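Here is the structure we will look at.
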């Protein structure tokens, strides 16, 4: 366990160039285990997500990537029978401490889901609602415009803000979901295979958008598309299933390193498509 | 391999034909069963219509034309049914004795500013009483239709000597006419629709010829109102709790199992619960005594609209909960996740996303449950529906009767003409139910189109 | 250092904040759920208490209640059997009508009918299910009884009789039987049907020998629920079955002429409750208490049957879902 911790640290520092010494951790897990009932879905994960970087979680389906991602903002609380062991440190607090408010956590750590899931409301309301419930004081119109602008959607929807979110195409819907997340001004955005339901063109636009968002937000993205991970992320964690089907982090490092010279054979096999 | 053999040639053909024939016969009998069920439904409806319309041998004690003439109007120009309230009161004053008049006035006044049968001093005296204060003192005034109904009931006194069903009336009209001419030489043989505007607007009466369902319909509406006000919020809240908040604990499982079991408890048991709890234990509240709202003689102990409404509320609560749960469960999980991921609290998410999307389903289920309440009879009998009241229910603490109760009572009477008005009342009830169901279907379709 | 790294330094507060609205909402919704528990407790308490008072009086013992075949409150005879007899007769007739018709209807709808036919036929059955029971009572008295009397003879069929009530109760629960059975038939996997067709079975053979046995526990559940529903049905029997308990005497009265004769009148448990409580019933009288004793029995019988049916449904679900 502590070996792994050391391993993670060394991977980073070994390849670190001088300016990357300034990396600060945004979220850090310590021997994190997630259970669904008696089934262990995620096993002994020690992982650090760095500020203003894009971290990709890759691995075959069912290996616990999404579960790990959802444990970063306590979305697993909403699943009946889910239980978390270990720590997820955010701003020096374990977010699973009993006196931490999951609502506060989720406001700061937003999430974009696999399938675009706009609310069945107008485009405007989709973006404004999150801000409203979080007590945003200020010009909501300006906030909506800013969020849609950051999500590269403003020009496409500015004339039809009162139309339903469902009137948009799949890719636009997903960007609307991103805008909605941005509007509550989170620090971290978690993305759970955000492009898996989209066509290649829409996928490309989202990937470009993720790059732009990087300057303002820390991003963790789950993907099973290795090109996407290679193209769009700075760091990559490879997860794999153990014999007991629990997911664990096999290797973590700079994306370039993981894809060009993986240290583990498992990683190499996965990346070169020899299984999964 | 065994040495047996399958049939071949003609034998095979015979075997297959036999199996095919069996198939056809049984298929026909399955279809026949279904058709029998539908036939039963059609018969039931036809039977009601058959009784609700038909020939009647009617005999009036006084002819309406004579009454119109009596107050100096031309019977050719104005029918009794068209007279104004003032004219009708003239007829009433001229034809009933003062005692009856005073009794009617004490039930409910004719004018708000003057008295017709009572003297002002006597009126002030009886209305100052502590006990036995008549209902009329409350100041409610009889409407024109009410006065007309009184004239017909008290003076014209139409009497149905014999009634015939719709089918007989159409198929054997001439025989009936011949027979009636012999048996009832003084009676008019008229084709009567027992279901009429008069029937809907007239109050209850011991005489089938003039009785109506207004009292009962208003009673039903009042009861259902109380039922909705109680069971809708409670039912939806319970459903939200079970679907959104409840963890898988023993208590919550017990609540769920319990709701499912309650849905199967016979309705009459709810009546007994209502009788023991709402009528007896909570009498202070259900009689309105705690508000001091008891107007002498208007309410009788706890057997009030509130008790009836709450009893039916408990009865349909499991149905509302189960239906609402289904509607809530149908809201996609992704909306909840999206709401929560924005840092909304659980209730903010439920209110903004779960409930609005479940509303059509919840409403459809609730409407069907209310339809069930509207047709319930047994629990109301047990809770203590009044066997005979002619005054409209004045509020939640009034004595009550209801449309199904009225149907039950009329059906139980041996005279034919009560069967006729029971059939007419059934049609009124079915129309009310049809309206409710149509609303539910419209909602369901609109919902289906959106998803 | 980038701007948001600077932001990280600034302390943020993740501590749980008091959210009174959330607590209030969740609490009141929990209470709404508890009302159902209170209802059950209320039913058990009310029926149990009054029944206890009934059995504590000197006029009646448990032995008499369950042993006697005479129910005559006027002379303080409280034997439940006359009422149970009528209830059982009505339920038996109802089930004999409803189960074959309901099941056949379900087989037709599930196995034979086209999607379009189902779309038309099922709502009709729903209409049948939505008609108030008092209307069925009217139907029994004004249509079924005269019909039975014209078929079997006025001297054999009394004006109030359990046969008429039973048949109409049967019609009333056809939709219940058919919809529950259809659900069960529908849940049988298509692969099972295909396997049978693959062996050369005809449609009928598949329906009757493969699908129906596979759905048997679901169909049994429908059967049990229909019995429970028939026992608890009130208005039809109150109107059409008769308004006085039919006392009988095993040994003296003929089994077929009286005890099992469907054409004579007989008040059921529910019918008796309605008649007695519909009159001016004074509280704390033995009549009042006796009605609750009957109610308790009725409650226990229907509850037992409903629980039994749930077990069948659960067994069925276990296999196919």
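For this structure, a couple of remarks:
- Qualifying residues in the stretch C:133-162 (those that are more than 10 Å from chain B (Cβ to nearest Cβ) and outside any helix (DSSP H, G or I)) - the one surrounded by the fewest Cβ atoms within 10 Å (Cβ to Cβ): C:155
- Scanning the stretch B:81-102 for any residue that is closer than 30 Å to residue C:178 by Cβ and in a helix (DSSP H, G or I) turns up nothing.
- Residues of the stretch C:220-246 that are assigned to a helix (DSSP H, G or I) and away from chain B (no Cβ under 14 Å): C:220, C:223.
- Scanning the stretch A:75-121 for residues that are more than 8 Å from every other protein chain (Cβ to nearest Cβ), surrounded by fewer than 19 Cβ atoms within 10 Å (Cβ to Cβ) and farther than 23 Å from residue B:247 by Cβ gives A:87, A:89, A:92, A:114, A:121.
- Evaluated against (1) at pLDDT 90 or above; (2) surrounded by 21 or more Cβ atoms within 10 Å (Cβ to Cβ), residue C:207 falls short on exactly one condition, (1).
- Verdict on residue C:45 being free of Cβ contacts under 8 Å to residues at least 40 places away in the same chain, within 12 Å of chain B (Cβ to nearest Cβ) and over 30 Å from residue C:186 (Cα atoms): yes
- Apart from one condition, residue C:116 fits all of (1) in contact with a helix residue (DSSP H, G or I) (Cβ under 8 Å, 6 or more places away or on another chain); (2) over 22 Å from residue B:412 (Cα atoms); the exception is (1).
Matching residues to (1) surrounded by fewer than 20 Cβ atoms within 10 Å (Cβ to Cβ); (2) in contact with a helix residue (DSSP H, G or I) (Cβ under 9 Å, 6 or more places away or on another chain); (3) at pLDDT 85 or above; (4) over 30 Å from residue B:52 (Cβ atoms):
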residue: B:94; (1), (2), (3), (4): yes, yes, no, yes
residue: B:107; (1), (2), (3), (4): yes, yes, no, no
residue: B:126; (1), (2), (3), (4): yes, yes, no, yes
residue: B:130; (1), (2), (3), (4): yes, no, no, yes
residue: B:136; (1), (2), (3), (4): no, yes, no, yes
residue: B:145; (1), (2), (3), (4): yes, yes, no, no
residue: B:171; (1), (2), (3), (4): yes, no, yes, no
residue: B:174; (1), (2), (3), (4): yes, no, yes, no
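- Residue C:82 modelled with pLDDT under 95, surrounded by 13 or more Cβ atoms within 10 Å (Cβ to Cβ), within 30 Å of residue C:291 (Cα to Cα) and in contact with a strand residue (DSSP E or B) (Cβ under 7 Å, 6 or more places away or on another chain): yes
- All conditions in (1) within 30 Å of residue B:105 (Cβ to Cβ); (2) assigned to a loop (DSSP other than H, G, I, E, B); (3) touching a residue at least 60 places away in the same chain (Cβ under 8 Å) hold for residue B:195, with the sole exception of (1).
- Verdict on residue B:151 being closer than 22 Å to residue B:211 by Cα and modelled with pLDDT of 85 or more: yes
- Meets criteria (more than 11 Å from every other protein chain (Cβ to nearest Cβ), surrounded by fewer than 18 Cβ atoms within 10 Å (Cβ to Cβ) and modelled with pLDDT of 90 or more) for residue A:139: yes
- Among residues of the stretch B:50-72, those that are crowded, with 19+ Cβ neighbours inside 10 Å and without any contact (Cβ under 8 Å) to a residue 40 or more places away in the chain, counted: 1
- Qualifying residue in the stretch B:327-343 (condition: surrounded by fewer than 23 Cβ atoms within 10 Å (Cβ to Cβ), in contact with a helix residue (DSSP H, G or I) (Cβ under 9 Å, 6 or more places away or on another chain), more than 14 Å from chain A (Cβ to nearest Cβ) and modelled with pLDDT of 95 or more): yes
- Some residue of the stretch C:53-67 being within 14 Å of chain B (Cβ to nearest Cβ) and out of contact with any strand residue (DSSP E or B) (no Cβ under 9 Å at 6 or more places or on another chain): yes
- One residue stands out among those in the stretch A:193-219 that are within 16 Å of residue A:176 (Cβ to Cβ), in a loop (DSSP other than H, G, I, E, B) and within 14 Å of another protein chain (Cβ to nearest Cβ): the one that is modelled with the lowest pLDDT, which is A:197.
- A single member of B:313, B:309, B:271, B:302 is at the interface with another protein chain (Cβ under 8 Å from one of its Cβ atoms), over 30 Å from residue A:187 (Cβ atoms), in contact with a helix residue (DSSP H, G or I) (Cβ under 8 Å, 6 or more places away or on another chain) and crowded, with 24+ Cβ neighbours inside 10 Å, and it is B:271.
- Boolean, residue B:236 is farther than 29 Å from residue C:50 by Cα, crowded, with 24+ Cβ neighbours inside 10 Å, under 27 Å from the mean Cα position of the chain (by Cα) and more than 7 Å from chain C (Cβ to nearest Cβ): yes
- Just one of the listed residues (A:236, A:215) is in contact (Cβ under 8 Å) with a residue 60 or more places away in the chain and over 13 Å from the mean Cα position of the chain (by Cα), and it is A:215.
- Any hit, the stretch A:158-167, residues being more than 26 Å from residue A:232 (Cβ to Cβ), buried (at least 16 other Cβ atoms within 10 Å of the Cβ) and in contact with a strand residue (DSSP E or B) (Cβ under 7 Å, 6 or more places away or on another chain): yes
- Leading residue by the ranking (surrounded by the most Cβ atoms within 10 Å (Cβ to Cβ)) among those in the stretch B:414-451 that are free of Cβ contacts under 8 Å to residues at least 12 places away in the same chain and either part of a loop (DSSP other than H, G, I, E, B) or in contact with a strand residue (DSSP E or B) (Cβ under 7 Å, 6 or more places away or on another chain) (or both): B:451
The values are calculated or read from the model by the stated rules, or taken from the named source; none is laboratory data. As the structure is a computational prediction, the values presented were derived from the model and not from experiment. All Cβ positions, glycine included, derive from the backbone under ideal geometry; neighbour counts span all protein chains shown.
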